[in-house]
Amino acid sequence: MSTTQEIAAQIREAAKRLLSEGKVDCVIGFAQGTVPMRDYPYFAYTPEEAENLTWSRFCCNNLSNFLIRRPKGEKDKVAIVAQGCVSRNIVGLIKENQITRDQVYILGVASPGMVDRNKVQALFPLKTITEVIEDGDDLIVKGMGFEERVPTKTVLRQNCYTCVMRNPVIKDEMIGEESALTHGGNIDKVAAPWEKLGPEERWAAFQEEFKDCIRCYACRDACPLCYCHVCFVDEARPQWCGKTQEEADVATFHILRAFHCAGRCTDCGACESACPVGIKMRKLTSKIEKDIRELYGYTPGMDLKSTPPLSVYKPNDPQEFIK
Amino acid sequence: MADKILAKDKLGEFLGKLKKDRQVFGPQNVEGKAQWAPLEADETLLWEFANTHLSPKDFFFPQTECMMRFVNQASDEQGMIMQAEPELPQPRALVNIRPCDAKAMQVLDLIFVQDQMTNDFYWRDKREKTLLVGLACNDPCPTCFCTSMNCGPHSTTGLDALMVDLGDKLLLTTLTDKAQALAEGLPDASKADLAKAAELKKAAEKSIASNVGMDKVNARELMELYELPMWNRVHESCLNCGTCTYCCPTCHCFDIQDEVQGTIGRRVRNWDNCMSWLFTVHGTGHNPRGTKKDRVRQRFMHKFKYIPMKRGGEIGCVGCGRCVLLCPVNIDVRRLVNDMNA
């Protein structure tokens with residue numbers, strides 16, 4: 001397998017070519033961040049700017065989010081770096097009529113699996129990490145007064161560990177080679193702890209997980225599914241959801257948002273990576289993902305043809321739940 | 001003002017004195033992060049930490065705060081009856097608050113308590129009843145830039161007392177009348193102690209590697225800054241979430257709502273943020289800050305131009321670096337202000 005540094009060089013080359021040939025007006029990728037483990041979404045408009053593009057295990061945003069959050073009215077064609085989950089979200093956006101296939105040029109790349117910075121920080125509680133470098137299968141973590149080697153697979157984001165599609169499902173060009181489809185984790189095990197709990201225990205576990213929420217909405221705003229022009233929490237007439245930090249308001253936001261993502265979520269993990277307080281909101285969405293897979297045999301975003309089960313009506317739906 | 005020595009084995013007594021008639025809070029290790037929590041056992045108080053994960057502003061400006069309750073019955077001859085919320089029942093102390101956060105509270109005093117008309121009772125009540133005992137930073141982080149923001153790792157602004165860890169003991173400097181009682185019975189600091197503290201201060205200031213320039217930001221006309229071409233790019237990756245605002249010790253925007261059920265209700269003040277389109281949208285549907293660019297520009301112009309212009313050169317940022325660490329798309333305020341200053 002190519003290293004992420006080798007992939008990064010190839011992404012830069014492809015971006016420079018596409019921009020100088022005028023095939024696209026912008027390449028959406030990542031640039032190196034100013035703090036450890038936080039590379040950031042970057043928009044290259046010229047071959048010179050393309051030099052700033054990078055690729056690493058610290059690319060935790062879902063870039064497809066920027067296909068819909070770009071200022072309206074721009075008709076330009078963009079290229080986008082997309083690993084498995086991001087390509088699946090692009091498929092989702094096409095199916096939901098948010099973008100068209102010919103608007104995007106997909107630079108497909110196999111996901112190396114992204115690092116969960118909270119997991120790395122948890123290894124060094126209360127310490128300041130100053131630099132993290134990828135070195136083969138390890139990370140070299142440097143901090144104030146320490147330096148340690150950490151095996152990358154022990155600090156992968158959980159959604160990357162349980163990923164079932166690391167390769168892009170659609171692409172115009174492949175950067176580097178395809179990889180194994182999974183990282184070996186079992187996604188059903190993410191939802192399993194919830195399933196063992198009774199309603200009261202579930203509620204308690206939910207409250208515990210979401211107790212630190214500060215309602216910054218970073219989870220929503222980082223999510224390529226959350227493109228509603230007016231989110232239900234921002235509706236004023238009627239105001240569906242209160243604005244306070246009280247449990248009912250916080251819970252309403254998270255539960256409704258999770259349901260809104262049912263049958264659409266690709267488990268990309270952008271929400272958890274964006275959260276400033278480390279909430280594991282995938283505990284909710286993973287259960288919904290499992291239900292959709294088991295009840296409807298559907299995994300979102302895998303191809304352009306299949307119909308999303310919760311978006312279609314069939315006269316012969318059994319509707320057994322009503323009986 | 002007095003410079004005293006607090007031996008580390010006398011900390012229990014010192015904290016006991018604080019606790020006698022106050023509720024004491026301090027940074028503690030909560031789930032692996034330094035977080036503010038009530039201090040129950042003295043030994044859980046952190047002495048070696050960068051800064052608390054989130055700022056202490058919510059001690060004075062809670063994210064959700066009930067301002068009053070009301071009853072409005074048509075049949076009641078008195079009409080609507082409004083009932084004030086109780087004041088803070090007990091004085092408090094925040095121990096080991098970092099100098100940047102104390103400075104931030106002083107900046108917010110200038111916003112919440114300006115004159116007779118702008119005199120926020122809710123803020124003032126909690127500020128007046130809270131003692132701030134600071135802990136100087138001897139090892140600032142790479143993301144700290146307090147020295148560029150009218151502040152510093154040993155800054156005393158906004159504090160009632162500052163402690164400097166001298167290794168085997170603490171130097172306690174009382175700064176306000178409120179803190180005088182803390183110094184009682186403690187031995188005076190020697191010249192050598194003061195020299196050591198001065199040395200630590202110098203070393204800490206020197207170790208701050210992030211420098212942010214404000215000279216051109218200050219010199220430039222408002223509209224010149226407002227129209228800088230850099231604004232066309234810095235917003236590109238912004239998600240317009242509220243992370244930067246809510247982790248910031250000086251961001252202070254809020255939204256007031258009346259929550260009414262039948263004839264009873266309450267008025268609630270909640271944190272709000274200029275990153276949200278909803279923050280400025282008018283009843284007509286018009287939004288004076290309709291684009292992401294407008295909103296991102298607002299946040300930084302407010303902190304680095306409007307506040308300095310209106311508040312005698314004070315800056316709406318203390319260089320704590322929380323937003324640098326927590327922004328989901330790494331919009332780095334240091335880089336941004338340097339671009340404004342370029």
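Things to note:
- Residue in the range A:100-111 that is in a loop (DSSP other than H, G, I, E, B), at pLDDT 95 or above and touching a Ser or Thr at 6+ places or on another chain (Cβ under 8 Å) present: yes
- Within the range B:185-215, the residues that satisfy the criterion of being of a type in the set (Asp, Glu) and in contact with a strand residue (DSSP E or B) (Cβ under 9 Å, 6 or more places away or on another chain) are B:Asp188, B:Asp193.
- Scanning the range B:243-261 for residues that are touching a Ser or Thr at 6+ places or on another chain (Cβ under 9 Å) and among the hydrophobic types (A, V, I, L, M, F, W, C), we see that the one that is surrounded by the fewest Cβ atoms within 10 Å (Cβ to Cβ) is B:Cys253.
- Which listed residue is more than 8 Å from chain B (Cβ to nearest Cβ) and surrounded by fewer than 14 Cβ atoms within 10 Å (Cβ to Cβ), from A:Cys241, A:Cys213, A:Cys228: A:Cys228
- Only one of A:Lys23, A:Lys16 that is over 27 Å from B:Leu326 (Cα atoms) and assigned to a helix (DSSP H, G or I): A:Lys16
- Candidates B:Gly134, B:Gly167, B:Gly152 - the one that is closer than 23 Å to B:Thr245 by Cα, of a type outside the set (A, V, I, L, M) and out of contact with any His (no Cβ under 7 Å at 6 or more places or on another chain): B:Gly152
- Reported count of residues in the range A:71-98, each being part of a loop (DSSP other than H, G, I, E, B) and either under 22 Å from B:Arg233 (Cα atoms) or under 18 Å from the mean Cα position of the chain (by Cα) (or both), is 10.
Here's the yes/no breakdown for (1) farther than 26 Å from B:Leu325 by Cα; (2) at pLDDT 95 or above:
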position: B:Arg233; (1), (2): no, no
position: B:Gly242; (1), (2): no, yes
position: B:Gln261; (1), (2): yes, no
position: B:Arg267; (1), (2): yes, yes
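- Selection from the range B:262-309 of residues that are within 13 Å of chain A (Cβ to nearest Cβ), crowded, with 18+ Cβ neighbours inside 10 Å and of a type in the set (Val, Ile, Thr): B:Val268, B:Val296
- Meeting the requirement of 1 or more residues that are within 23 Å of the chain's Cα centre (by Cα), the helices (runs of 4 or more DSSP H) wholly within the range B:215-274 are B:215-219, B:243-247.
- Any hit, the range A:201-208, residues being within 14 Å of another protein chain (Cβ to nearest Cβ) and either touching a residue at least 12 places away in the same chain (Cβ under 8 Å) or more than 22 Å from A:Val120 (Cβ to Cβ) (or both): yes
- Qualifying residue in the range B:290-310 (condition: at pLDDT 95 or above and touching an Asp or Glu at 6+ places or on another chain (Cβ under 7 Å)): yes
- Given (1) touching a strand residue (DSSP E or B) at 6+ places or on another chain (Cβ under 9 Å); (2) assigned to a loop (DSSP other than H, G, I, E, B); (3) within 13 Å of chain B (Cβ to nearest Cβ), number of the condition A:Arg38 does not satisfy: (1)
- Among the residues of the range A:259-308, those that are modelled with pLDDT of 95 or more and assigned to a helix (DSSP H, G or I) comprise A:Ala270, A:Cys271, A:Glu272, A:Ser273, A:Ala274.
- Within the range A:244-268, being surrounded by fewer than 18 Cβ atoms within 10 Å (Cβ to Cβ), among the aliphatic types (A, V, I, L, M) and over 19 Å from A:Pro300 (Cβ atoms) holds for A:Ala248, A:Ala251, A:Ile255.
- None of A:Glu272, A:Glu289 is in contact (Cβ under 8 Å) with a residue 24 or more places away in the chain, closer than 28 Å to A:Cys160 by Cβ, charged (D, E, K, R) and within 13 Å of chain B (Cβ to nearest Cβ) except A:Glu272.
- Flag: B:Val234 does not match the condition of being of a type in the set (A, V, I, L, M), touching a helix residue (DSSP H, G or I) at 6+ places or on another chain (Cβ under 7 Å), surrounded by 15 or more Cβ atoms within 10 Å (Cβ to Cβ) and away from chain A (no Cβ under 13 Å).
- Looking only at the range B:251-261, and only at residues there that are out of contact with any Cys (no Cβ under 7 Å at 6 or more places or on another chain) and either under 24 Å from B:Val318 (Cα atoms) or of a type in the set (Asp, Glu) (or both), the one that is farthest from the other protein chains (Cβ to nearest Cβ): B:His252
- Qualifying positions in the range B:79-101 - touching a Cys at 6+ places or on another chain (Cβ under 6 Å) and outside any loop (DSSP other than H, G, I, E, B): B:Cys100
- Members of the range B:126-184 that are without any contact (Cβ under 8 Å) to a residue 60 or more places away in the chain, out of contact with any Pro (no Cβ under 6 Å at 6 or more places or on another chain) and in a strand (DSSP E or B): B:Leu132, B:Ala161, B:Val164
- Check on B:Glu199, out of contact with any Lys or Arg (no Cβ under 6 Å at 6 or more places or on another chain), without any contact (Cβ under 8 Å) to a residue 60 or more places away in the chain and surrounded by 12 or more Cβ atoms within 10 Å (Cβ to Cβ): no
- Taking (1) at the interface with chain A (Cβ under 8 Å from one of its Cβ atoms); (2) surrounded by 22 or more Cβ atoms within 10 Å (Cβ to Cβ) in turn, B:Asn240 satisfies each apart from (2).
- Filtered residue count, the range A:35-56, keeping only those that are charged (D, E, K, R) and buried (at least 22 other Cβ atoms within 10 Å of the Cβ): 2
- Single residue of A:Val164, A:Val150, A:Val190 found to be of a type in the set (A, V, I, L, M, F, W, C), on the phi < 0 side of the Ramachandran plot, assigned to a loop (DSSP other than H, G, I, E, B) and more than 14 Å from chain B (Cβ to nearest Cβ): A:Val164
- Residue check for A:Gly176: out of contact with any Asp or Glu (no Cβ under 8 Å at 6 or more places or on another chain) and at positive phi: no
- Some residue of the range B:312-329 being away from chain A (no Cβ under 12 Å) and either without any contact (Cβ under 8 Å) to a residue 40 or more places away in the chain or more than 17 Å from the chain's Cα centre (by Cα) (or both): yes
The values are calculated or read from the model by the stated rules, or taken from the named source; none is laboratory data. Since the structure is predicted, the reported quantities are computational estimates derived from the model, not experimental observations. So basically every Cβ, Gly included, is an ideal-geometry build from the backbone, and we count neighbours across all protein chains shown.
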